Amino acid sequence: MIINSNNGWDQLEEVIVGRAEHARTPNVDSSMRNFMYANKDYEELYELPKQHKKETIDQAIEDLDVLSDVLTDCGVNVHRPKIHSHWKTIKTPYWETTGWYNYCPRDLILILNNTFIETPSSMRSRMFETYSYRDIMYEAFHDGANIISAPKPMLLDDDFDFSDLSVPTLMNKEILFDAANIVRMGKDILFQISNSGNKLGADWLQRTFPEYRVHTTEKSYSGAHIDSTIVPLRPGLVLLNADRTSKDSYPEIFKSWDKIFFNDWVSIDYDGLAVCENAIALNLLSIREDLVIVDEDQLPLIKILESHGIECIGLKLRPTRTLGGGFHCVTLDLKREGDLENYFD
């Protein structure tokens, strides 16, 4: 299993699919509020149930198993993380909490070429989440892959400021970012400054990997991650969330690309407080430039993708908004066919 992944559209060969077993609601603290519900009061968050409905977890397990089978049928080698309990107490010198889940491997592991990067999440409950992927990482390491980790953050309360919700509530005091703040396009990386990634995180990435060009966007196209807002489909074509971007407002790097502005998604049900918006419908997984996996209910999206020569496999992922992740979130491509290229010169 030699790791090689440089973008989100080359032929997919190896992938991780997440798990939902033992998923729970994260402990309510400043880091959880910052990432998930910055506009909610603590009193409302304390009312959240700590445990999801059994039906929700069972649906997630079933849908992820189906996704794994479909990917296998498409010739992709599928890896799954170990099943761990997320109810154990995590203690540091500064705070204690419990874990969250392993539903979204895309969030905390960034693949650049042949390197695993464990990213420094802004959520306390995710401090040791990547332990579930260590067997996969070490298998790849023995085959020649590299593994690197950003500095483990302290995540003190002053990392977060809720006084002005018109700007990110994540402060710039220590290196913090999720892998899902990043769009990979060969030698160019787009990094979104938001409640899950700060400028110090982008600076660390640029200094650690000087062979790449890290482009930051100070305009928060979403509260946290970027992969339901900006979805490159192939070189020269990008899918953009029309509620967050427009013909006059989108990342400058895509100026010469063809752009699909889309917001005609179908509403997605959820239990309790939704972790993400209906825009998670754009959270698709490319198997190759002309084949993607997408929510089977998103017929307007399927229609517009097919009009651009992209075939769609429609599947269910019923707890998408309850657990907070679509098909891109719940997967992590380890190996794609292509090389590290330059798409913007």
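Bear in mind these aren't lab numbers, they're just calculated from the coordinates by the rules spelled out. These numbers were taken from a predicted model, which means no experiment stands behind them. Reconstructed Cβ throughout: ideal geometry from the backbone, glycine too, with neighbour counts over all protein chains shown.
In terms of surrounding Cβ atoms within a 10 Å radius of their Cβ, Val66, Val231 rank from fewest to most as Val66, Val231.
Here r is the Cβ-Cβ distance between Ser149 and Asn39 and R0 is 56 Å; the resulting FRET efficiency, rounded to 0.05, is 0.95.
Extents of region 223-302, taken as max minus min of Cα coordinates on every principal axis and listed largest first, are 41, 27, 20 Å.
Taking the inverse of the mean reciprocal distance over all distinct Cα pairs, the Kirkwood hydrodynamic radius of the chain comes to 20.1 Å. Placing a label point 7 Å from the Cα of Met171 along the Cα-to-Cβ direction, the residues of region 30-57 whose backbone N falls under 19 Å from that point are 30-39, 42.
Exposure proxy ranking for Asp339, Asp188, based on other Cβ atoms within 10 angstrom of each Cβ and starting from the fewest, stands as Asp339, Asp188. Counting neighbouring Cβ atoms within 10 Å and putting the fewest first, the residues His52, His22 line up as His22, His52.
Contact order, relative form, for the chain: 24 percent (alpha carbon pairs under 8 Å, 6 or more residues apart, mean separation divided by residue count). Shape call for region 1-40 from the C-alpha gyration tensor, a ≥ b ≥ c root eigenvalues: rounded (a/c under 1.5), prolate (a/b greater than b/c) or oblate? In terms of gyration-tensor shape, prolate. In this simple spin-label approximation, Val70 and His142 carry label points 7 Å from Cα along the Cα→Cβ vector, and these lie 3.3 nm apart.
Filter the cross-link list Lys187/Lys255; Lys152/Lys219; Lys82/Lys152; Lys53/Lys152 down to pairs whose alpha-carbon distance in this structure exceeds 28 Å. Over 28 Å apart, Cα to Cα: Lys53/Lys152. For region 199-341, the relative contact order comes to 19 percent (Cα pairs under 8 Å, sequence separation of at least 6).
Extending 7 Å from the Cα toward the beta-carbon at both Val78 and Leu299 defines two label points whose distance is 2.7 nm.
You can think of it this way: the chain between Asp58 and Asp157 has 32.2 nm of extra reach, that is 0.36 nm per residue less the Cα-Cα gap.
Take Ser256, project a point 7 Å from its Cα along the Cβ direction, then tell me which residues of region 318-345 have their backbone nitrogen under 13 Å from it. Within reach of a label on Ser256, which here means backbone N under 13 Å from a point 7 Å along Cα→Cβ, region 318-345 contributes 342-345. In this rough spin-label picture, where each label sits 7 Å from Cα along the Cβ direction, the Ser267-Leu315 distance is 2.7 nm. Between region 32-97 and region 203-221, the alpha-carbon centres lie 28 Å apart.
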